[in-house]
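Engineer: Encoded as structure tokens, here's the structure I'll be asking about.
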Amino acid sequence: MLSYRHSFHAGNHADVLKHLVQLSVIDKLQQKNKPFVYLDTHSGRGIYDLKSDEANKTQEYKQGIFQLVDQQADAPEIVKQYLSLLNIQPGRALNQYLGSPELSRLTLREIDKLILMELHNNEINVLKSNMRKDERVAIHHRDGFEGLCACVPPKPARGLVLIDPAYEVKQDYQQVVKQVSAAYKKWATGIYLIWYPVLASSRDYSETLVKQLSQQGFKNLLKIELAVSEQLEDFGMHGSGMLVVNAPYQLDQQMRTVTDWLLPILKQDEHAYAQVEWLIQPE
Ligand SMILES: C[S@@+](CC[C@H](N)C(=O)[O-])C[C@H]1O[C@@H](n2cnc3c(N)ncnc32)[C@H](O)[C@@H]1O
């Protein structure tokens, strides 16, 4: 039973961090004139209506993407690119938010390809319609954990995978470790972007996940984590992180610039923090 709907959370602080890391890695790959493949194991629907009942029930986007709307002037280049993809302009209403597949689709070149997976029956249909019969895009209605290993190495064997589960069930944490390790054995040069939530202390498994992923023999493992407020005991997601396996050259510097800029804008109290650190140093 899949009960998670990203429509309730689209554009929140975790989406902002995740999508800026995603776009930064794509930017690095596009610095070479060689094609690559973008894989998304948990794609969602691709485009989210911020006027929907779901989005307005939680209004999480107000503490996320909305905070960036009037802050463009001194933004790092990759943030400017992100805001431009979202068509954000000061004084103009923001009615929709773009998810990871659509941000990639708009950014990738004619020579690049996308492989998108989604399990939910309704989300997959909306995703298909949102991807507009783009010939670079292959959409799979399947379990993204199982699909990850089945689809790697892609052709060409250059590119990145975004692994972005809902973590509604505890098994998702174990699946991430198991499936990314198995995929890495088949495709050791792929770049793997693993999103994780930092939750209230009684429900938080982020440290365990990060520790386990650090022990899988990966190369160049970079952690980027941003929390916007105090960690409560029972409730809420006050932060999130991205682990990047095979992080491209100087991604750490680029992400420090981004988080230095982002933190004062997204912070809600004095407990907010940003970390960019190598868990496995580049060779
Ligand atoms: C956090 S959302 C994805 C958001 C999207 N990556 C983005 O950034 O715009 C997680 C998605 O995974 C889907 N999902 C849940 N379990 C799945 C599974 N085992 N395989 C593939 N998709 C799954 C959910 O229906 C949901 O749409």
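Values quoted throughout were computed directly from the atomic coordinates according to the rules given, and no laboratory measurement underlies them. Just so we're clear, the structure is a prediction, and the values are computed from it rather than from any experiment. So basically every Cβ, Gly included, is an ideal-geometry build from the backbone, and we count neighbours across all protein chains shown.
Engineer: Calculate how many DSSP beta bridges within region 6-280 are antiparallel, expressed in % of all such bridges and rounded to the nearest 5.
Structural biologist: Given both bridge residues lie in region 6-280, the antiparallel proportion sits at roughly 60 percent.
Engineer: Specify whether the C-alpha gyration tensor of region 6-280 places it in the rounded, prolate or oblate class, a ≥ b ≥ c being the square roots of the eigenvalues: rounded for a/c under 1.5, otherwise prolate if a/b is larger than b/c and oblate if not. All intermediate terms of the calculation are to be shown ahead of the outcome.
Structural biologist: Details: a/c = 1.28, a/b = 1.12, b/c = 1.14.
Note, shape of region 6-280 comes out rounded.
Engineer: So which trypsin sites (Lys or Arg not before Pro) in region 40-123 pass both tests, a DSSP loop state and at most 13 other Cβ atoms within 10 Å of the Cβ? It would help to have the intermediate numbers written out before the result.
Structural biologist: On the way: sites: ARG45, LYS51, LYS57, LYS62, LYS80, ARG92, ARG105, ARG109, LYS113; in loops: ARG45, LYS51, ARG92, ARG109.
Passing sites in region 40-123 are LYS51, ARG92, ARG109.
Engineer: Roughly speaking, what % of Cα-Cα pairs in region 55-94 are separated by over 14 Å, rounded to a whole number? List each step's numbers first, then the result.
Structural biologist: On the way: 353 of 780 pairs.
Of the Cα pairs, 45 percent sit more than 14 Å apart.
Engineer: Need the C-alpha centroid separation for region 101-145 versus region 14-93, integer Å.
Structural biologist: For region 101-145 versus region 14-93, the Cα centre distance is 16 Å.
Engineer: Pick out which of VAL21, VAL161, VAL210 has the largest mean-square fluctuation in a Gaussian network model of the chain, springs linking Cα atoms closer than 10 Å.
Structural biologist: VAL210
Engineer: Measuring from the lowest to the highest alpha carbon on each principal axis, how far does region 189-283 reach, largest first, in angstroms?
Structural biologist: Per principal axis, max minus min of the Cα coordinates gives 38, 29, 16 Å.
Engineer: A follow-up question, please. Given 25 °C and 0.890 mPa s, how large is the Stokes-Einstein diffusion coefficient of region 1-133 in µm²/s, with Rh as the Kirkwood radius over Cα pairs?
Structural biologist: Working: Rh = 15.5 Å.
Stokes-Einstein gives a translational diffusion coefficient of 159 µm²/s.
Engineer: Can you list the aspartates and glutamates whose alpha carbon sits under 20 Å from that of LYS133, skipping same-chain ones fewer than 8 residues off?
Structural biologist: Once the sequence-local aspartates and glutamates are set aside, what remains near LYS133 is ASP40, GLU102, GLU110, ASP112, GLU118, GLU123.
Engineer: With respect to the cross-link table entries LYS80/LYS128; LYS155/LYS267; LYS32/LYS170; LYS18/LYS211; LYS186/LYS223, which display a Cα-Cα separation exceeding 30 Å? Each step should come with its number before you reach the end.
Structural biologist: Working: LYS80/LYS128 28 Å; LYS155/LYS267 41 Å; LYS32/LYS170 39 Å; LYS18/LYS211 20 Å; LYS186/LYS223 23 Å.
Pairs exceeding the cut-off: LYS155/LYS267; LYS32/LYS170.
Engineer: Just check region 123-242 against the gyration tensor rule for me: Cα atoms, a ≥ b ≥ c as the square roots of the eigenvalues, rounded for a/c under 1.5, and otherwise prolate or oblate depending on whether a/b exceeds b/c.
Structural biologist: Details: a/c = 2.12, a/b = 1.38, b/c = 1.53.
Here region 123-242 falls in the oblate category.
Engineer: Choose one answer from ASP172, ASP70, ASP112: the residue with the largest mean-square fluctuation in a GNM of the chain with alpha-carbon springs under 10 Å.
Structural biologist: Evaluated over the chain, the most mobile residue of the options is ASP70.
Engineer: Return a whole-number percent for the relative contact order of the chain, with Cα pairs under 8 Å and 6 or more residues apart as the contact set.
Structural biologist: In percent, rounded to a whole number, it is 21.
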